[in-house]
1. Does F8 satisfy the criteria of being modelled with pLDDT under 90 and either open to solvent by less than 40 Å² (accessible area, probe 1.4 Å) or within 9 Å of the chain's Cα centre (by Cα) (or both)?
2. Could you run through the range 86-108 and say how many residues are in contact with a Phe, Trp or Tyr (Cβ under 8 Å, 6 or more places away or on another chain) and open to solvent by 60 Å² or more (accessible area, probe 1.4 Å)?
3. Might you let me know whether the range 30-39 holds any residue that is within 28 Å of A3 (Cβ to Cβ), exposed (fewer than 13 other Cβ atoms within 10 Å of the Cβ) and without any contact (Cβ under 8 Å) to a residue 24 or more places away in the chain?
4. Go through the range 63-76 and give me each residue that's in a helix (DSSP H, G or I) and either open to solvent by 40 Å² or more (accessible area, probe 1.4 Å) or within 24 Å of E6 (Cβ to Cβ) (or both).
5. Would you mention how many residues in the range 77-105 are among the small types (G, A, S) and part of a loop (DSSP other than H, G, I, E, B)?
6. Looking at V83, is it modelled with pLDDT under 85, open to solvent by 80 Å² or more (accessible area, probe 1.4 Å) and out of contact with any helix residue (DSSP H, G or I) (no Cβ under 9 Å at 6 or more places or on another chain)?
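The values are calculated or read from the model by the stated rules, or taken from the named source; none is laboratory data. This one's a predicted model, so the numbers in the text were calculated from it and none came from an experiment. Note that each Cβ is placed from the backbone with ideal geometry, even for glycine, and that neighbours are counted across all protein chains shown. Please note that ligands, DNA and RNA were not included when accessible areas were found on the heavy atoms of the full protein model with its side chains. Shrake-Rupley method; radii C 1.70, N 1.55, O 1.52, S 1.80 Å.
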Amino acid sequence: FSAPAEFFVTLGVFSFLYAMVALVLYLRFHSLYGENKKLPFTDFCITVCFAFFWLVAAAAWGKGLTDVKAATRPGSLIAAMGVCQGQGVVCNAGTTPAMGLANISVVR
């Protein structure tokens with residue numbers, strides 16, 4: 001279940017690095033950015049690609065969270081444990097895990 005979160009974090013790191021490179025380009029080489037007509041369009045295209053991948057990564061992270069919730073549901077855990085399948089054995093689920101902070105992490 002970690003692949004969607006890794007994709008999201010990797011995209012965040014690459015976005016940060018690109019933002020730093022673009023900031024240096026804007027501030028240090030402003031004349032180059034103003035003279036070259038293809039550079040602003042290229043910057044725009046890269047930004048649109050990052051925005052699209054960010055949307056995909058957020059959706060993948062949300063799906064990964066849903067999968068984690070399904071896998072850690074007490075009923076699913078009890079059904080998966082062989083010890084609870086025996087005759088005369090009573091397994092109690094206890095409390096449902098709190099997923100509020102995980103939900104907030106996807107929304108933010």
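1. Answer is yes for this residue.
2. 0
3. No, the conditions are met nowhere in the range 30-39.
4. Restricting attention to the range 63-76, the residues satisfying the condition of being in a helix (DSSP H, G or I) are 63-71, 74-76.
If the condition is that a residue be in a helix (DSSP H, G or I) and either open to solvent by 40 Å² or more (accessible area, probe 1.4 Å) or within 24 Å of E6 (Cβ to Cβ) (or both), then K63, G64, L65, T66, D67, V68, K69, A70, A71, G75, S76 are the ones that fit.
5. 5
6. In short, yes.
Each row is one residue, and each column tells you yes or no for (1) in contact (Cβ under 8 Å) with a residue 12 or more places away in the chain; (2) farther than 30 Å from L11 by Cα; (3) among the β-branched types (V, I, T).
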position: L55; (1), (2), (3): no, no, no
position: A60; (1), (2), (3): yes, no, no
position: L65; (1), (2), (3): yes, no, no
position: V68; (1), (2), (3): yes, no, yes
position: V83; (1), (2), (3): no, yes, yes
position: G86; (1), (2), (3): no, yes, no
position: V90; (1), (2), (3): no, yes, yes
position: A98; (1), (2), (3): no, no, no
